[in-house]
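The values are calculated or read from the model by the stated rules, or taken from the named source; none is laboratory data. It should be emphasised that the depicted structure is a prediction, and the values quoted were computed from it without experimental measurement. Cβ sites come from the backbone with ideal geometry, for glycine too, and all protein chains shown count toward neighbours. Only protein heavy atoms, including side chains, enter the accessible area calculation; ligands, DNA and RNA are left aside. Shrake-Rupley method; radii C 1.70, N 1.55, O 1.52, S 1.80 Å.
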Amino acid sequence: GITESFGAAIHALGASQLTDGVINRSKRMMLDTLGVGLLGTRTAVFNKALKYSQLFTSERSSSIWGRSEITLPPCYAALVNGVAVHSMDFDDTWHPATHPSGAVLPALLALAETLPSRPSGLDLLLAFNVGIEVQGRLMRFSREAYNIPEFHPPSVVGVMGSAAASAKLLGLSPSQCSHALAIAASSAGAPLANAATQTKPFHIGNAARRGLEAAWLAQMGLEGNPSMLDMDVGLGVYYNDYSPSTMPDCASGAFRWILEDQDVAFKRIPAHLAMHWLVDAALAARGKLQEAAWNFDLSQIQRVTLRVPPSKYINCPFPTTEHQARHSFQFNACSALLDGKVTVASFDPAQINRPALKELLSKVEVKTPADNHPSFDKMYCEVQIETAQGESCTARCNTFYGHWRKPLSQEDLVEKFIVNASSVLCTEGVEGV
């Protein structure tokens, strides 16, 4: 069966099957995830997750990133570090849409600290890639997954990826790996209504935690439905067009890593991925306007029109919180127009509540052209600025820098990590990572 094939593959995949391309891409993902996670330890939502998790103790303990003085029970360390990774919506995004790394790396690092002998870097890299691969294959069980579904994808495939990666690092049997997936499936799912709130980062944190728990429970002998992936009433409950397929036998020569062919997107700003198209378009339109009218006063803008894909959860015309701002086409466009950039500091309360920003927000109109599809592989964003003097300029972004079609250079990715990690670690600590 399909679930059985996944269990067999999770168990059988070996480090010798990691290709140079997959090793390179997954190392980039791990580095970026550590950086945004370290930065995320400065957020209010991280502190709330930490305060809650400190209610619990156990004989085993794992580290909190950037907080050497704090340890937690491993599953709660996975939760808290996972929340940190997604606290600013700064973590990587894949296609079909999910945040693949944040649910896997916190679980693996928490687990690694509890093992009788510390796993090697190659062991961790293999387990990480197993967790990523399982997510990629599960998302390809449905065409619906290629657009933005009704649930937050990492809450479904992320917990399965965490379970698979944890099962691999624990060295579970094929049957136990299958049961780990089945157990994890009972912790899957989170509605998109909690996007743009402090609860959204918990989707990643809970996926990391519950996947690790599922692998440990499977190791202890707990069993789930051995056909969880085969059934419409199993993982198929999340998709109307569920069409599962077996995972190829890695020894047959038919196996190929999905990451080999589909890279991830790395974010340059701490916001929902769609904002990256919009910010690049807004900056280009701003540049055109300034070229046409030297020393142009931005207060003379009469109307800003945004042409974006339709969305039920990233239309926040007047955001009042950082989480709403990270999911607001209007806010990100206006911030780019006013400041000529969007940065971590752009989402501070003082910036969100600026009178100049609020005035510009009132001039924004959002349009959703029929040809602009809500898919990270097909969408575009266009920004048109009209002035009181009758001038107009328009710029469009089809692919932003950092998208899998236009990946960040290694130099820029490392620079992002250094900037993020330096907010928490000393220079020696950053270089040590």
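Please enumerate the residues belonging to segment 137-169 that are surrounded by fewer than 22 Cβ atoms within 10 Å (Cβ to Cβ) and touching a strand residue (DSSP E or B) at 6+ places or on another chain (Cβ under 8 Å).
GLU150, PHE151 - these are the residues of segment 137-169 that are surrounded by fewer than 22 Cβ atoms within 10 Å (Cβ to Cβ) and touching a strand residue (DSSP E or B) at 6+ places or on another chain (Cβ under 8 Å).
Go through (1) open to solvent by 20 Å² or more (accessible area, probe 1.4 Å); (2) outside any helix (DSSP H, G or I); (3) on the phi < 0 side of the Ramachandran plot for GLY221 and report which single condition fails.
In the conditions (1) open to solvent by 20 Å² or more (accessible area, probe 1.4 Å); (2) outside any helix (DSSP H, G or I); (3) on the phi < 0 side of the Ramachandran plot, GLY221 misses (3) alone.
Can you tell me which residue in segment 293-319 is farthest from ASP89 (Cα to Cα), limited to those that are surrounded by fewer than 17 Cβ atoms within 10 Å (Cβ to Cβ), at pLDDT 90 or above and not aromatic (Phe, Trp, Tyr)?
Among them, the one singled out is GLN302.
What is the number of the single condition among (1) part of a helix (DSSP H, G or I); (2) open to solvent by 50 Å² or more (accessible area, probe 1.4 Å); (3) in the same structural domain as THR43 (by the TED database) that ALA251 does not meet?
(1)
What single numbered condition from (1) surrounded by 24 or more Cβ atoms within 10 Å (Cβ to Cβ); (2) part of a loop (DSSP other than H, G, I, E, B) fails to hold for LEU172?
(1)
How many residues are among the charged types (D, E, K, R), assigned by the TED database to the domain that holds LEU337 and in a loop (DSSP other than H, G, I, E, B) when one looks only at segment 355-410?
Qualifying residue count for the region: 5.
For segment 224-248, what are the residues that are closer than 25 Å to GLN17 by Cβ, at pLDDT 95 or above and surrounded by fewer than 15 Cβ atoms within 10 Å (Cβ to Cβ)?
Scanning segment 224-248 gives a single hit, SER245.
Considering SER409, SER392, SER362, which residue is within 22 Å of ASP92 (Cβ to Cβ) and either among the hydroxyl-bearing types (Ser, Thr, Tyr) or touching a Ser or Thr at 6+ places or on another chain (Cβ under 6 Å) (or both)? Before the answer, list the steps.
Values: SER392 fails: within 22 Å of ASP92 (Cβ to Cβ); SER362 fails: within 22 Å of ASP92 (Cβ to Cβ).
None of the other options fit; the residue is SER409.
Report whether or not ILE204 is crowded, with 23+ Cβ neighbours inside 10 Å, of a type in the set (Val, Ile, Thr) and in contact (Cβ under 8 Å) with a residue 60 or more places away in the chain. Lay out the reasoning, then the answer.
Values: crowded, with 23+ Cβ neighbours inside 10 Å: yes; of a type in the set (Val, Ile, Thr): yes; in contact (Cβ under 8 Å) with a residue 60 or more places away in the chain: yes.
Answer is yes for this residue.
When you look at ASP263, is it outside the structural domain of GLN384 (by the TED database), modelled with pLDDT of 95 or more and farther than 20 Å from PRO374 by Cβ, yes or no? Steps first, answer last, please.
Values: outside the structural domain of GLN384 (by the TED database): yes; modelled with pLDDT of 95 or more: yes; farther than 20 Å from PRO374 by Cβ: yes.
Here the answer is yes, as ASP263 does meet what is asked.
Which of (1) surrounded by fewer than 22 Cβ atoms within 10 Å (Cβ to Cβ); (2) in contact with a Pro (Cβ under 9 Å, 6 or more places away or on another chain); (3) modelled with pLDDT of 95 or more; (4) not charged (D, E, K, R) does HIS327 not meet, given it meets every other one?
With respect to (1) surrounded by fewer than 22 Cβ atoms within 10 Å (Cβ to Cβ); (2) in contact with a Pro (Cβ under 9 Å, 6 or more places away or on another chain); (3) modelled with pLDDT of 95 or more; (4) not charged (D, E, K, R), HIS327 is out only on (1).
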